[in-house]
Amino acid sequence: FQSATPGLQAIEDIAKVFNGRLFWSNGTIDFYSDRVSEPSSTFSNANVKDGIFNYQDVAKSANFNVAEVIFQDKKGHFKPSLEVVEDEDGIRKDGKLVRRVNGRGTTSRGQARRLAKYILHTNKLEREVIDFQVGLEALALNVGDIITVQDELKSFELEGGLVLRKETD
């Protein structure tokens, strides 16, 4: 850290180094890492409340096609440098939409480039949010778990997702 940073922000930045996310659950801070894993549960029209899945596109303001990663270049005496990766097809379609991130813990141009590509790739694929209600079978799920969604009312190729939030009444 180059300057004073609020504690929670510092922890979030550290979690980003391992593609992790920070969340608050049951009075404690917890983490999950975005990594390949098998789905832990399947939800279909038969086991969600009223058989309904509600779909929503990610806000247009959350979409981008240029990733800029600030990194501490070990070849440049750890001075901040910038690595830029562009999605040319996305730029032709929507114009330039830039997202700049701090690649905390990133010390080489290669690491920064991989992070930028990862950011662009996930942004391109993660374009829809599904909201639904389930019963007690969801209590075993946690933030970061991979799930499968089989909605007979909507046919789409990717039948998987990631739990982002869990609420109990």
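The values are calculated or read from the model by the stated rules, or taken from the named source; none is laboratory data. Source: prediction; values computed, not measured. FYI the Cβ positions are ideal-geometry reconstructions off the backbone, even for glycines, and counts take in every protein chain you see. Heads up: the accessible areas ignore ligands, DNA and RNA and are worked out on the full protein's heavy atoms, side chains in. Shrake-Rupley method; radii C 1.70, N 1.55, O 1.52, S 1.80 Å.
Let's see how each residue does on (1) closer than 21 Å to residue 19 by Cβ; (2) acidic (Asp, Glu); (3) touching a residue at least 12 places away in the same chain (Cβ under 8 Å); (4) not in a loop (DSSP other than H, G, I, E, B):
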| site | (1), (2), (3), (4) |
| --- | --- |
| 70 | yes, no, yes, yes |
| 104 | yes, no, yes, no |
| 116 | yes, no, yes, yes |
| 154 | no, no, yes, no |
| 164 | yes, no, yes, no |
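Output the residues belonging to the stretch 42-59 that are of a type in the set (D, E, K, R) and either without any contact (Cβ under 8 Å) to a residue 40 or more places away in the chain or assigned to a helix (DSSP H, G or I) (or both).
49, 50, listed by residue number.
Tell me, yes or no, whether the stretch 128-141 has at least one residue that is under 18 Å from the mean Cα position of the chain (by Cα) and at pLDDT below 85.
no
Which numbered condition in (1) open to solvent by 60 Å² or more (accessible area, probe 1.4 Å); (2) touching a helix residue (DSSP H, G or I) at 6+ places or on another chain (Cβ under 9 Å); (3) under 28 Å from residue 9 (Cα atoms) is the only one that residue 34 fails?
Here residue 34 meets the rest and fails (1).
What pairs come out if I take residues in the stretch 12-30 that are on the phi > 0 side of the Ramachandran plot and surrounded by fewer than 16 Cβ atoms within 10 Å (Cβ to Cβ) and pair them with residues that are of a type in the set (Asp, Glu) and outside any helix (DSSP H, G or I) whose C-beta lies under 7 Å away, six or more apart or interchain?
19/34
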